[in-house]
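I have placed the structure first, in the form of structure tokens, so that the comments after it can refer back to it.
Where a number appears in this text, it was derived from the coordinates with a stated rule and is not lab data. Worth saying up front: this structure is predicted, and the values here are computed from it rather than measured. Counting neighbours? That spans all protein chains shown, and the Cβs are built from the backbone with ideal geometry, glycine included.
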Amino acid sequence: MKKFFALMLVVLILSTSVFAAGAQETPSADQKTSAETKQTLRITGLSWQVQKIFIQQAAEAFMKDHPDVTVEISTYAEPSVVANYAIDWSRGKTPVDIAIVSGAQFAAQFVPKGLIYDFDKDLNFFTGDFSKDAFVNAGLENGQVAGQQYVIPLIIETYAVVVNKQMFKEAGLLDRNGDPLTPKTWEEFYQFAKKLTKTSGGQVVQQGASIQWSSVNMYAALLAVLRGARGDIYGPDGLTLAFDNPEFREILRVWKKGVDEGVFSKEMYVDNMAGRNSLMAGKVAMLLDSGGRFIEGGQTLGIENVTVMPFPGADTGGSFGFGAGVIIPKSTEVPELAMQFIKEQLLGEMVQTNTVNQYGKMPSMLRHYDGADAPEWQVLKQIADKSGAIPTYKDFAKFQKEAPPLVQNYLDGRIDLETTITRLQNLAISLDKSLI
Amino acid sequence: MTKLRSKARVKARMGMFFTLPGLIFVIAFMIYPLFTSLYYSFTNYNYVYDVKPIFNGFQNYIAAFQDETFVLTIKNTLVFASTFFVSVMILGLVTALLLFYFKGKDNLYKTLIFMPIVVPLSLAAILFNWIFAENFGLLNFIIGDVFKLTQFTYGWLTNRVTAMGAIVSVTTWSSLGFITILFLAGLQGISGDILEAAKIDGAGTIGTIFKIILPNLRETYVITGIWAILRGLKIYAPPVVMTGGAPGNATRVMYMHIYDNAFEFFEMGYASALGFILSVIVLSISFVNLKINSSKGD
């Protein structure tokens, strides 16, 4: 019994010590005043977003301009972490004041419960130099849920064809000015890819074309080519994705022909970065992916040896626009400060021009295109202007997951074209289209 | 006697006191989520868009077996698990026997064999992704550019069969060390007298292995078998990282489907049901393993 009480006493002393150590020291009057006037702004994003949108540099510049503000940056491993913030936000708390997200399709989940600000109605964001006219339309559209602006776009990307100029030259596919010829139809695209494909010992050693066919991003390629072919991705009701048409059938048919003949690579089935890596390795002539990849290709091939062109139809019908933007939760205590940081830094010249010149992420504001070095950015801006964002369906994630295996199975010859079209269209019809 | 009983009671109380933190942890992070998940599995509940779960009986469980993709993932998971189980158990046992018989630099070999286990499986998957890549991968580079056998270069991850094979090989490579150590511990637990007696009776190495050693490893089979079954059925990182379930869902496994339904589609009710179906499969196969390897008269 004595031992038991002695043990309880030790535990009590230890517990008290732990609580005492954890207790906050009462600040002095001076310290209190300093703490009260110093504001903290917390921003989070994926690691690549923090790096490629120059968040650290933006934070340092903002703190230099505003010594009374501390900017704290955190990264999240993957988007479901942000989705879980909804639990805190619904209780009026938040671990962050600004979150970088992919766009409206992701932000839409927070809208039904009123957890994030509408930048237009709630915050009156679009004033002065930041009017809506100052933004690239595709970027704004990528941030709208049911027509309301819940995401401010920071960077935009659009699907196009990145080209290895040297391979085009060797294949004799240059115009009179020495620029790569642009295929006008998908059949022409296939013919170009056939000429650009080299084999050795029965194996392909230089791929004609690589198309974004990965499980992660194929939905983007499908929407891009659909819009390019028809100028719109929706059917007559303006809501349902429309795959059951001759134009899309032709695209799939040409894709399958390319795969069967080894002219189009299947490498991106399993790795959404494989095309980019093959481009950088000098193994592929044409890459249908985010147009900004040409900056990455230029890092190994030389910027003078890569360029960008629209895929068939993109110059008239448009493409698929996406990117990254910011949301502000309603439970933040510093919404005005958050807006100030966004306007001064994230939409400022330093971030917007560096992100395009170094990483190929296009500015969301039109005026910063003057600071973009390469002429290819003007080509991409023209495509982006005609591009549309992904639908903000409640169920769009199901399309993103279920469409790629269907198309992959068709390209591998496991199902025929009509079955593929029927299943894709049925999938599109079955989606819950609320929130659009 | 009274004093003894009193001491025993004090000891019992102290034991409970010391187990209390662990018990609280288990209840909070294992028991409570388990029962909450079980409840959700009988509801229709999208945790983003629905205010609260709505009870729907066994509808989620019925829908699971009408879901073609889920049924496919069960098949893929079983194919992976059985292939992985056979390869890791056989390779692990052979490696352990080699270490057991060929002593000398065995500490060095043990270290080399065990090292892959310290590499996180997701990181190993990223590394092997680069090895198996079609156009710029190390394997095709060695085959095509070093040995000049371009006709044997291949899209290892874009073919349905070799993609699954690649995932099995990565997981086996990662797991081999641990299974080998378990088998080695089992081998070292066999009495030296039995082996000595076998040697005196004229038994050769092969005979000793098949007639003495393998039968005496029965308890080890239980542990290694359950470990391999769990690792096989709960596979997630390699298919997600290496193939994303492609080509055409050929490598999509149950865990991926559960994760997507829970955290991409936010359908927590349906995902919970899928999770319990996986649990039943895991428990059933583990039970079979236990039964097969239980000694008669135990």
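Quick notes on this structure:
- Between A:Asp133 and A:Arg367, the modelled labels are 1.3 nm apart [label points 7 Å from Cα along Cα→Cβ].
- Pairwise Cα inverse-distance average, inverted: Kirkwood Rh of region A:336-405 (Å): 14.4 Å
- The calculated pair-distance distribution of region A:122-190 uses every alpha carbon pair, bins of 10 angstrom beginning at 0, and gives 16, 31, 14, 22, 15, 2 percent.
- Distribution of pairwise C-alpha distances over region B:156-266, 10 Å bins, in %: 13, 30, 23, 18, 12, 5, 1
- The longest stretch of chain B left intact once loop-based chymotrypsin sites (Phe, Trp or Tyr not before Pro) with at most 12 other Cβ atoms within 10 Å are removed from consideration, loops following DSSP, is B:148-298.
- By the rule of a C-alpha distance below 14 Å, with chain neighbours fewer than 8 residues away ignored, the aspartates and glutamates paired with A:Lys113 are A:Asp88, B:Asp50.
- Modelled label reach - A:His66, point 7 Å along Cα→Cβ, region A:308-330 residues with backbone N closer than 17 Å: A:326-330
- Cα-derived Rg over Rh, computed across region A:234-286 with Rh taken as Kirkwood radius: 1.14
- Zone residues, region A:403-436, relative to B:Asp67, backbone N less than 12 Å from point 7 Å out along Cα-to-Cβ: none
- Counts of other chain beta carbons within 10 angstrom of each beta carbon in peptide B:128-139 average 5.
- The relative contact order of region B:61-293 comes to 30 percent, based on Cα pairs under 8 Å that sit 6 or more residues apart.
- Kirkwood Rh, angstrom, the protein assembly as shown [1 / mean 1/r, Cα pairs]: 29.5 Å
- For B:Ala246, distant residues with modelled amide H under 5 Å away: B:Thr251
- Rg [Å, one decimal], Dmax [Å, integer] - chain A, C-alpha atoms: 25.5, 100
- Label-to-label distance, nm, for residues given as B:Trp227 and A:Thr40 (7 Å Cα→Cβ offset): 4.4 nm
- Protection proxy ranking for A:155-167, A:200-212, using the average of other Cβ atoms within 10 Å per residue and placing the highest first: A:155-167, A:200-212.
- Values of log10 I(q)/I(0), in the order q = 0.16, 0.18, 0.22 Å⁻¹, for region B:249-298 under a Debye, Cα-only, solvent-free model: -0.57, -0.64, -0.78
- 10 Å Cβ neighbours from other chains, averaged over peptide B:240-246: 6
- Semi-axes of the equivalent ellipsoid for region B:33-185, computed as √(5λ) from the eigenvalues of its C-alpha gyration tensor and ordered from largest down, come to 40, 25, 14 Å.
- Pairwise FRET efficiency - B:Met30 versus A:Arg414, Cβ, R0 = 56 Å, nearest 0.05: 0.85
- Given A:Lys401/A:Lys433; A:Lys266/B:Lys148; A:Lys165/A:Lys198; B:Lys110/B:Lys211, the pairs whose alpha carbons are separated by over 19 Å: A:Lys266/B:Lys148; B:Lys110/B:Lys211
- Tail fraction, Cα-Cα pairs, region B:61-293, threshold 34 Å, whole percent: 27 percent
- Among beta bridges that DSSP assigns inside the protein assembly as shown, antiparallel share in %, nearest 5: 65 percent
- Theoretical FRET efficiency, 1/(1+(r/R0)^6), r = Cβ-Cβ of A:Asn245 and B:Leu290, R0 60 Å, to 0.05: 0.55
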